[in-house]
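Participant: Dumping the structure here so I can ask a few things about it.
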Amino acid sequence: MATGLGVCLSLWASNWWRRVLIALGFPVSFLLGSPSMGLGHLPAVAWLAPLLLLLVLYPMKAWRDAPLFPTPQGALLKLQQLAPLPAGAMVLDAGCGLGDGLKALRAAYPEAQLQGVEWSWALCGLCARRCPWANVRQGDIWDLDWSHYELVYLFQRPESMPRAVNKARARMRPGSWLVSLEFEATALRATASYELAGGKMVWLYRVPFTLKSGEPT
């Protein structure tokens with residue numbers, strides 16, 4: 001019954017990964033507390049440790065954005081061909097996580113000035129250690145001024161793409177690029193796109209954007 005209730009409640013979640021977490025909550029906790037796992041003797045407060053760790057790595061304010069999905073190695077190598085940038089160009093990884101996106105951007109633009117912004121202090125610190133050649137700082141990507149960058153890279157989620165497009169329209173200079181891994185800005189006509197080996201798409205949009213209807217935004 002408890003499992004069925006969890007599955008029913010999961011239907012209220014806004015996307016598939018939240019539904020999975022809610023639906024698996026009771027079965028996983030029951031399994032971990034079973035005698036075969038040997039964890040049933042732990043005090044109740046011990047079960048809060050994973051939650052506290054999650055909140056440290058992934059603060060609640062960041063829950064409105066994408067979960068921690070790393071950029072595949074080599075996923076952005078075609079950017080230099082499709083969106084060429086001059087040496088010293090300012091490139092932003094908006095929501096840099098552990099730095100996999102910054103590493104992929106460095107492979108594509110070895111002479112660019114790479115910057116990463118991450119809301120989680122813990123992930124920001126780990127990213128800075130993994131990417132000492134980039135300027136990594138803690139902050140909110142939505143409060144950051146994007147007008148300084150020739151290219152802004154995102155690996156967000158479908159629900160946050162309209163917000164990213166509106167911010168790029170308001171702040172990014174003509175000729176600059178918005179690049180999204182996997183998730184399309186559905187209202188816009190892509191300047192270019194390509195498919196990765198695993199089926200993910202990389203979408204490139206040049207400012208000023210053009211609507212799929214053919215009108216400039």
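Participant: Can you put Tyr153, Tyr194, Tyr109 in order of Cβ neighbours within 10 angstrom, beginning with the fewest?
Facilitator: Working: Tyr153 27, Tyr194 15, Tyr109 23.
Going from sparsest to densest Cβ surroundings: Tyr194, Tyr109, Tyr153.
Participant: On to the next question. Would you mind checking the radius of gyration and Dmax of the range 79-206 based on alpha-carbon positions, in Å?
Facilitator: 13.6, 37
Participant: Order by neighbour count: Val202, Val165, Val152, fewest other Cβ atoms within 10 Å first, most last. All intermediate terms of the calculation are to be shown ahead of the outcome.
Facilitator: Values: Val202 23, Val165 19, Val152 27.
Exposure proxy ranking, most exposed first: Val165, Val202, Val152.
Participant: I need the fraction of alpha carbon pairs in the range 159-214 separated by more than 13 Å, rounded to a whole percent. Numbers along the way, then the final one.
Facilitator: Numbers: 882 of 1540 pairs.
Tail fraction, whole percent: 57.
Participant: If amide hydrogens are placed 1.01 Å from N in the peptide plane, which non-local residues have theirs closer than 5 Å to the one on Trp119?
Facilitator: Gly139
Participant: Could you state, as a whole-number percent, how many of the C-alpha pairs of the range 101-171 are farther apart than 14 Å?
Facilitator: Numbers: 1553 of 2485 pairs.
Considering the range 101-171, 62 percent of its Cα-Cα pairs are separated by more than 14 Å.
Participant: Fewest to most neighbouring Cβ within 10 Å: what's the order for Lys103, Lys78?
Facilitator: Details: Lys103 22, Lys78 16.
Lowest to highest Cβ neighbour count: Lys78, Lys103.
Participant: Report the extension gain between Thr186 and Lys212 in nm, rounded to one decimal, defined as 0.36 nm multiplied by the number of residues separating them, less their alpha carbon distance.
Facilitator: 8.5 nm is the gain from fully extending Thr186 to Lys212.
Coordinate-derived values only; no laboratory data. As the structure is a computational prediction, the values presented were derived from the model and not from experiment. Cβ coordinates were reconstructed from backbone atoms using ideal geometry, including for glycine residues, and neighbour counts include every protein chain displayed.
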